[in-house]
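The next block holds one structure in the form of structure tokens; read it before the comments.
Every number in this text was worked out from the coordinates using simple rules, so none of it is lab data. Quick caveat: nothing in here was measured; it's all calculated off a predicted structure. Glycine gets a Cβ as well: all are built from the backbone with ideal geometry, and neighbour counts include every protein chain shown.
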Amino acid sequence: MLRRILAPIALATFTAAPLAAQHDRQAEAIERTILQSHNVPGTTYKFVEAVTEVGPNGVVPRHTHPGPEIMYVLQGSLTLEVEGAPTRTLTPGQTAYNPPGIPHGGRAGPEGVAFLVTWVIPQGRPLASPAKSGRRAGRLPATRLPLSALHASR
């Protein structure tokens, strides 16, 4: 009887462990370095500029920003998925723009990717929020994420 109870628990534990480890490796595969952040004079906005690096084949989970995002690929490649737009792969020298509140995410290429990114966001708002499938982020409650928790930006 005890074996029938413990066997499914053991199976679930050993099955979930590799998935959790895979997620942790993806989270570790992303590094963001904030270069500067300044308030925009005469407004209630600030801009944040960063270099984001995503390891080989690293996943950038779907997320949104409360303001626009502009990026410039420095090295490697990124397959970018933006809700309502065709999927595209960016390579060095290419740029992308994401409007506020539009869910987006992607995957780095086999060599990884590094890109310069600039956000213009309302002061006091979180930089990013997780996106829910099929819904505009502007209608979702903001979930504050520390920069280290967000698995890439774009």
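The table that follows gives values for the structure above.
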read-out: Calculated FRET efficiency for the pair residue 34/residue 79, C-beta based, R₀ 30 Å, to 0.05; value: 0.75
read-out: FRET efficiency, residue 89 to residue 125 (Cβ-Cβ, R0 30 Å, nearest 0.05); value: 0.50
read-out: Residues residue 43 and residue 72, FRET efficiency given R0 of 30 Å [Cβ-Cβ distance, rounded to 0.05]; value: 0.80
read-out: Karplus 3J(HN,Hα) series, Hz, for segment 100-107 with 6.51 cos²θ - 1.76 cosθ + 1.60 (x for Gly, Pro); value: x, x, 8, x, 7, x, x, 8
